[in-house]
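Notes for the one structure printed next.
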Amino acid sequence: MSDDDEMMCDECGKRKATVHLTEMVDGKPVQKNLCEDCYGEQEDLPELSPSHVFAQLIEAVAPELKELSSKTCPECGTNYLEFRQTMKLGCPHDYEVFDKALEQLLERIHGSVEHVGKVPKNLASTKGWQKDAVSGRLEMLERKMQKAVEKEDFEKAADLRDQIQQIKEHGSE
């Protein structure tokens, strides 16, 4: 399309149309081409700012991200969308601000939110190492169970209780 063929605004006919809408009229699509000024004068149409358009897109595609996308760290100003784009946190406070999102991310990537680690081969047969690893695992599970009870997530608490009992009885999971 050359400069001579620029689409003009359907409302004013004076400015270049930069917004192109499709409305359904009597069951048929009707294209409406507007300049930004005339678009702004229309009623019942969303704001055109990039952040507003992006927020609407997120809400339509993934409603659960709506709450997260509005979170911003009060210390460094990093917001959730910046974090997800760069996968870098801005400051130590971000761990608290984005705690739910980080838990979900770690769970998806590693299968767990707690680092348990592996036992080095040369120490695997050492009884003391196994005892420390088991007691560390028990402490971690007991903390998780307590948190689940505090959040009234009794199903998760019961699963954790069963894991703890299994470890105490058999020394492993």
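No lab work stands behind these numbers, since they all come straight from the coordinates. Everything numeric in this text was worked out from a predicted model, so none of it was measured. Because the Cβ atoms are built from the backbone with ideal geometry, glycine has one as well, and the counts that use them run over all protein chains shown.
Counting every other Cβ atom within 10 Å of each residue's Cβ, ASP44, ASP162 order from fewest to most as ASP44, ASP162. Between GLU59 and PHE154, full extension at 0.36 nm per residue minus the direct alpha carbon distance yields a gain of 31.1 nm.
Per-residue 3J(HN,Hα) values for region 31-45, derived from phi via the Karplus relation 6.51 cos²θ - 1.76 cosθ + 1.60 with θ = phi - 60°, read 7, 10, 10, 10, 7, 4, 4, 5, 4, x, 7, 6, 8, 6, 10 Hz in sequence order (x marks Gly and Pro).
Between the amide H of ALA17 and those of MET7, MET8, CYS9, distances stay under 5 Å, these residues lying 5 or more places away or on another chain, with hydrogens modeled in the peptide plane. Model label points for VAL134 and VAL113, set 7 angstrom from Cα along the Cα-to-Cβ axis, are 2.8 nm apart. Students often get this wrong, so check it: of LYS88/LYS168; LYS16/LYS88; LYS28/LYS71; LYS71/LYS151; LYS32/LYS71, which have C-alpha atoms separated by over 29 Å? Pairs exceeding 29 Å: LYS88/LYS168; LYS16/LYS88; LYS28/LYS71; LYS32/LYS71.
Evaluate E = 1/(1 + (r/R0)^6) for GLN146 and ARG84, where r is the Cβ-Cβ distance and R0 equals 35 Å; express this FRET efficiency to the nearest 0.05.
Once rounded, the FRET efficiency stands at 0.70.
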